[in-house]
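The values are calculated or read from the model by the stated rules, or taken from the named source; none is laboratory data. Because the structure is a prediction, the values reported are computed rather than measured. Heads up, the Cβs are rebuilt from the backbone with ideal geometry, glycines too, and the neighbour counts pull from every protein chain shown. Just the protein is used for accessible areas: all its heavy atoms, side chains included, with ligands, DNA and RNA removed. Shrake-Rupley method; radii C 1.70, N 1.55, O 1.52, S 1.80 Å.
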Amino acid sequence: MLSNTKQKPVNIPEIIQEAHNTFNSGKTKPLEWRKKQLQNLLRMYEENKNAMIDALAKDLRRCKMEAILLEVDYLINDLINTLNNFDEWTKPERPSKAIINVLDDVVIYNDPYGVVLIIGAWNYPLQLLLLPMAGAIAAGNVVVIKPSELAEACAQFIVETLPKYLDNDAVIVVEGGPEESTELLKQKFDYIFYTGGTNVGKIVYAAAVKNLTPVTLELGGKSPVYIDNSVDMEITVKRILWGKFINVGQTCIAPDYILCSKEVQEKFVEFAKNILKEWYGEDPQKSPDLCRIINNRHFSRLQALIDASKDKVVIGGRYDAQDRFIAPTILANVTASDKIMEDEIFGPILPIVPIENAYEAIKFINSREHPLVLYLFSKQGKIHKLFTEQTRSGSLCVNDTIMFYGVETLPFGGVGNSGMGAYHGKKSFDTFTHKKSCLIRNFASIGEKLASSRYPPYSDGKLKF
Ligand code: NAD
């Protein structure tokens, strides 16, 4: 179904034309208007916590704790931070100036881009759409958002709830899947912010190029973990398993695979057996804390990956198609050429690839596409330095997983195949802001005299000035 929150007009070119008209009317620029929208959005989160938790449970069987921690409270905290810093962030900047400009005003204005398109993914269907939306509103843009069609209940929540709180002329929801996205991408936007897989990211980028539209691409890929033998193994295993099995691995920054020595692999598997039993019980299918796979297509993809690695399963490996359940699964002694090492796993399967040492791990990582995040577990400063200096990734997180994502002063985004651009905290505001440089001079005679050597007729003597 194709609709927008106002129900009319009903076709995408008209919707986008109206969005441009709204921006051109100047409605979204006043700081008071923006603040009001953000306050209304905060009220929406606070008044609809249960509805958000319910929608996440319907789409992903997300438990309440993960729903609050990873989406609802995450959105609220980010928005409170934006509101607290709003006056500071929106102020024109006054950079330092050279002696020649001492009589001038040198200013950087924070201009909105105009009409922004935000396309969301299904795995964190609220957070990945509404967090950049808040940044775009704070920056004074008109925003068109397209929720993922795969997280139906969350998309429905957004379509029904957002218009009750936000200005319907300036925040527009377009429902639909690839067909509607394709139609949207034919239109001219002033900024496009896309979250999803790398293949579709390339389609979005190609569409943006036609209008020279700037983009942020928040993509995916295989995020590796390296563990050396200096770590506290129990804490390491807990932090990695938690990062992997929240949302049953359907997390863009989930650890995708582990690189470690055979000795570390053995210890890891021993601890993992006990910890997983402690967390999810003898039968993890009965645990209320494990989500389900989003749809049958993704379930079959993951089932095929387990079937292709049956001899390497050391924990889990069980699945139930009717329930779209896959048990937390660990594979040992995986090799670089195994099928599981081809694409991003995006599910609860964690392969361990034995390697000799940190140098081999770095070589392995550098022989593949730059990951969205690289996880390193080591107590050794020299190993931290080695990975920091010799690898490239969107983010680097040492001795934990996922937690870097919650640090609002750290911009989040990929590099190379894992994406371009970043957001979170002030970086969200800056992403949707054009930094307009401005030099303001006056007509004072002293200034004119100082700079008059620039006028013809030119001479070498004038160059010495
Ligand atoms: P996807 O690329 O299939 O879909 C994302 C969005 O693109 C959806 O709204 C979808 O409707 C739209 N879309 C699908 N086909 C399209 C087409 N042909 N043209 C235009 N738009 C199209 O991604 P997904 O399956 O929803 O998400 C999984 C991927 O996203 C994983 O690779 C994951 O790592 C990545 N991801 C990245 C981040 C991040 O912040 N970097 C966050 C979540 C997910």
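Across every pair of non-identical alpha carbons in the chain, the mean reciprocal distance, once inverted, gives a Kirkwood radius of 24.2 Å. Ranked by the mean number of other Cβ atoms within 10 Å per residue, highest first, peptides 127-140, 281-294 order as 127-140, 281-294. Spacing of the modelled spin labels on Gln285 and Leu396, each 7 Å from Cα toward Cβ, amounts to 4.4 nm.
Here the stretch 404-463 and the stretch 91-122 have alpha carbon centers that stand 7 Å from each other. Length gained on full extension, Asn101 to Leu83, computed as 0.36 nm times the residue gap minus the Cα-Cα distance: 3.0 nm. Using heavy atoms of the protein chains and a probe of 1.4 Å, the accessible area assigned to Thr335 is about 60 Å². Straight Cα distances below 25 angstrom link Lys262 to the lysines Lys222, Lys238, Lys244, Lys273, Lys277, Lys310, Lys312, Lys339, Lys363, Lys379, Lys382, Lys385, with same-chain residues fewer than 8 positions distant left out. Estimated from helices alone, the mean residue ellipticity of the chain at 222 nm is -12500 deg cm²/dmol (sum of -39500 (n - 2.57) over DSSP H runs with n ≥ 4, per residue).
List residues of the stretch 414-453, by number, whose backbone nitrogen lies under 11 Å from a label position 7 Å along Cα→C-beta of Tyr109. What the label zone holds, given the 11 Å backbone N cut-off, is 436-439. A simple spin-label model places the labels of Glu360 and Ala57 4.8 nm from each other, with each point 7 Å out along Cα-to-Cβ.
Could you give the length gained on full extension between Lys310 and Phe443, defined as 0.36 nm per residue of separation minus the Cα-Cα distance, in nm?
39.9 nm
Starting from the Cα-Cα distance between Ala336 and Ala206, subtract it from 0.36 nm times their residue separation and give me the gain in nm to one decimal. Can you show the working numbers first?
Working: separation 130, 0.36 × 130 = 46.80 nm, distance 3.14 nm.
Contour length minus Cα-Cα distance gives 43.7 nm.
Here, the stretch 25-135 yields an orientationally averaged convex hull projection of 9.4 nm² when only Cα atoms define the hull.
In what sequence, highest mean first, do 148-158, 110-120 appear when ranked by Cβ atoms within 10 angstrom? Please report the intermediate quantities before stating the final value.
Working: 148-158: 21.2, 110-120: 23.7.
Top of the packing list down: 110-120, 148-158.
Here the Karplus relation 6.51 cos²θ - 1.76 cosθ + 1.60, evaluated at θ = phi - 60°, turns the backbone of the stretch 168-176 into coupling constants of 5, 6, 10, 10, 10, 9, 10, 7, x Hz, with x for every Gly and Pro. Would you be so kind as to identify which of Asn442, Ile340, Pro411 lies farthest towards the positive end of the dipole of the stretch 310-462, taking Lys and Arg as +1 and Asp and Glu as -1 on Cβ and the Cα centre as origin? So the residue we want is Asn442. Sorting the Cα pairs of the stretch 307-465 by distance into bins of 10 Å, from 0 upward, gives 8, 23, 24, 15, 9, 9, 6, 5, 1 percent per bin. Charge dipole (Cα centre; +1 on Lys/Arg Cβ, -1 on Asp/Glu Cβ; no other charges) of the chain amounts to roughly 1160 debye. With both residues required to sit in the chain, DSSP beta bridges show an antiparallel share near 35%.
Per residue, the Cα convex hull of the stretch 119-201 amounts to 93 Å³.
Which order do the peptides 404-411, 324-331 come out in when sorted by mean C-beta neighbours inside 10 angstrom, highest first? Before the final figure, lay out the partial values.
Working: 404-411: 15.5, 324-331: 24.2.
Order by mean packing, descending: 324-331, 404-411.
Near the amide H of Tyr257, within less than 5 Å, lie the amide hydrogens of Ser223, Val225, all on another chain or at least 5 residues away, with H placed in the peptide plane.
Using θ = phi - 60° in the Karplus curve 6.51 cos²θ - 1.76 cosθ + 1.60, the 3J(HN,Hα) couplings for the stretch 31-36 round to 4, 4, 4, 4, 4, 4 Hz; x is entered for Gly and Pro.
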